[in-house]
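Working notes for the structure below.
The values are calculated or read from the model by the stated rules, or taken from the named source; none is laboratory data. Since we're looking at a predicted model, the values are computed, not measured. In this analysis, Cβ positions are derived from the backbone assuming ideal geometry, glycine residues included, and neighbour counts consider all displayed protein chains.
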Amino acid sequence: MRLIACLTLASLPALAHATEPPAAPAAAALLQSVASEHRGAAFTTTTKDTLSLAQIAATAEQMNGKTVRVDATVTSVCKKKGCWMGVKDAQGTVARVTFKDYAFFMPLDCEGRAATLEGVVETKRLDPKERAHLAEDAKRPVAEIPEVELRIVATGVELAGR
């Protein structure tokens with residue numbers, strides 16, 4: 001009887017491990033790859049309010065200071081801490097997105113992801129020093145940084161899954 005009890009006690013750790021579900025790093029990675037992520041405040045606009053960057057750029061003076069919702073693709077992101085990103089819409093119109101009150105940042109690896117963002121429209125003439133700073137952050141030539149840029153100061157951003 002003692003022999004049976006010893007064998008039973010000795011096999012308990014092995015049985016415990018056999019009944020645990022297997023670790024699922026692949027499943028977790030898959031979920032992470034398809035899940036979208038929201039940063040910042042919840043949107044106050046609806047999908048029917050969505051404008052293209054081209055529509056905004058065509059009427060930039062009238063849109064200045066207005067809250068908009070935009071669908072675009074992330075083309076660049078600050079490589080130091082994700083404190084701004086460049087976006088482009090389907091028509092090829094570009095804008096730089098900053099984040100209201102520095103309240104949130106984007107992942108440093110979000111280039112190429114689809115994004116829906118909500119924020120306030122601004123236009124800004126960039127001086128040479130600011131253009132050089134942005135080029136350095138983006139690791140791109142200064143010539144790729146426009147002298148006058150369309151900006152959106154985002155209050156919220158939804159990044160599509162990878």
Within the stretch 110-121, restricting to residues that are more than 17 Å from His38 (Cβ to Cβ) and either in a loop (DSSP other than H, G, I, E, B) or in contact (Cβ under 8 Å) with a residue 60 or more places away in the chain (or both), the one that is farthest from the chain's Cα centre (by Cα) is Val121
Check: In this structure, is Lys139 at positive phi, modelled with pLDDT under 95 and exposed (fewer than 15 other Cβ atoms within 10 Å of the Cβ)?
Finding: yes
Of the residues in the stretch 88-108, those that are touching a residue at least 40 places away in the same chain (Cβ under 8 Å) and in contact with a Leu (Cβ under 9 Å, 6 or more places away or on another chain) come to Thr93, Val94, Ala95, Arg96, Val97, Met106, Pro107
In the stretch 84-106, residues that are part of a loop (DSSP other than H, G, I, E, B) and surrounded by 15 or more Cβ atoms within 10 Å (Cβ to Cβ) total 5
Note: among Ala72, Ala54, just one is closer than 21 Å to Val120 by Cβ, modelled with pLDDT of 95 or more and assigned to a helix (DSSP H, G or I), namely Ala54
Among the residues of the stretch 122-131, are any closer than 23 Å to Met63 by Cα, surrounded by 17 or more Cβ atoms within 10 Å (Cβ to Cβ) and touching a residue at least 24 places away in the same chain (Cβ under 8 Å)? yes
Of the conditions (1) within 14 Å of the chain's Cα centre (by Cα); (2) in a loop (DSSP other than H, G, I, E, B); (3) at pLDDT 95 or above, the single one that Phe43 does not satisfy is (1)
Reported set for the stretch 45-83 where residues are surrounded by fewer than 14 Cβ atoms within 10 Å (Cβ to Cβ), touching a strand residue (DSSP E or B) at 6+ places or on another chain (Cβ under 6 Å) and without any contact (Cβ under 8 Å) to a residue 40 or more places away in the chain is Asp49
